[in-house]
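The values are calculated or read from the model by the stated rules, or taken from the named source; none is laboratory data. Worth saying up front: this structure is predicted, and the values here are computed from it rather than measured. Cβ coordinates were reconstructed from backbone atoms using ideal geometry, including for glycine residues, and neighbour counts include every protein chain displayed.
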Amino acid sequence: MELDLGARLKIVRLRHQLSQRALAKKAGVANATISLIESGNTSPSVSALKRILAGIPMTLAEFFSDELPNMQSEVFYRAESLTEISGGEGISYRQIGSAKAGHMLQILYETYEVGADTGLNMLQHEGEEGGVILSGRLEVTVGESTRVLGVGDAYYFNSNMPHRFRNAGSQPCTLVSSCSPPTF
């Protein structure tokens, strides 16, 4: 799914009746940052985009998900129907179902290319999350603890704790994760 991140941010910002300056102030980022993203001159990291969207407020899943009214009644999803919700380089988060359907659980099929990293700014949000590694190796940092996980290994933690994910292997890493409530 090809997506113009800057155009989508501008549409969302305008729907919430925010100027670039107002959104920047609410998100705690420079006004120029919003302008550069909307003009397509820069692509924010996942953590930077989350910080910007918190100023609206809106989750990443809400930002990227399609507004399809029949998604709530869907039970089965083909691989090609999963909604791409990432904006990070080398990282793919494909959501199962819609974030706007009032779900209490968010499930993602994630791919981290070699060297991909969620960024130096640790992620932190309400809820709990867990995942199972399907292929490759993933370095997971939660608080002060870091562990490299391989195929079949899993993680589960309170996502109020600062956390970060990085591909620590020589091949892409895939995993299935879940978060409750949906906050991504």
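Among the candidates Lys50, Lys10, Lys25, which residue alone is in a helix (DSSP H, G or I), in contact with a His (Cβ under 8 Å, 6 or more places away or on another chain) and not assigned by TED's automatic domain parsing to the domain that holds Leu108? Break it down stepwise before answering.
Numbers: Lys10 fails: in contact with a His (Cβ under 8 Å, 6 or more places away or on another chain); Lys25 fails: in contact with a His (Cβ under 8 Å, 6 or more places away or on another chain).
Exactly one of Lys50, Lys10, Lys25 is in a helix (DSSP H, G or I), in contact with a His (Cβ under 8 Å, 6 or more places away or on another chain) and not assigned by TED's automatic domain parsing to the domain that holds Leu108, namely Lys50.
If you go through region 95-102 one residue at a time, do you hit one that is modelled with pLDDT of 90 or more, surrounded by 14 or more Cβ atoms within 10 Å (Cβ to Cβ) and either within 24 Å of Asn41 (Cα to Cα) or of a type in the set (Lys, Arg) (or both)? Show your work before the answer.
Here is the first cut: in region 95-102, the ones modelled with pLDDT of 90 or more are none.
Taking every residue of region 95-102 in turn, none turns out to be modelled with pLDDT of 90 or more, surrounded by 14 or more Cβ atoms within 10 Å (Cβ to Cβ) and either within 24 Å of Asn41 (Cα to Cα) or of a type in the set (Lys, Arg) (or both).
Suppose we keep only residues that are in a strand (DSSP E or B), in contact with a Ser or Thr (Cβ under 7 Å, 6 or more places away or on another chain) and among the hydrophobic types (A, V, I, L, M, F, W, C) within region 141-178. Which one would you say is farthest from Thr118 (Cα to Cα)?
Per the criteria, the residue is Cys173.
Do we find that Asn167 is within 20 Å of Ala61 (Cβ to Cβ) and over 15 Å from the mean Cα position of the chain (by Cα) in this structure?
Values: within 20 Å of Ala61 (Cβ to Cβ): no; over 15 Å from the mean Cα position of the chain (by Cα): yes.
So Asn167 fails the test.
Write out, first by first residue and then by second, each pair whose Cβ atoms fall under 6 Å of each other, whose residues are 6+ apart or on separate chains, and whose first residue, in region 155-179, is closer than 12 Å to Val132 by Cα while the second is aromatic (Phe, Trp, Tyr) and surrounded by 19 or more Cβ atoms within 10 Å (Cβ to Cβ).
Cys173/Tyr112
Only residues that are small (Gly, Ala, Ser), touching a Ser or Thr at 6+ places or on another chain (Cβ under 8 Å) and over 29 Å from Arg94 (Cβ atoms): list them for region 1-36, please.
Going through region 1-36, the residues small (Gly, Ala, Ser) turn out to be 6-7, 19, 22, 24, 27-28, 30, 32, 35.
Within this subset, residues satisfying the condition of being touching a Ser or Thr at 6+ places or on another chain (Cβ under 8 Å) are 6, 24.
Passing the criteria: only Ala24.
I'd like the full set of residues that are part of a strand (DSSP E or B) and of a type outside the set (Gly, Ala, Ser), limited to region 130-140. Spell out how you get there, then give the answer.
Initial filter on region 130-140 (part of a strand (DSSP E or B)): 130-135, 138-140.
Residues satisfying the conditions are Val132, Ile133, Leu134, Leu138, Glu139, Val140.
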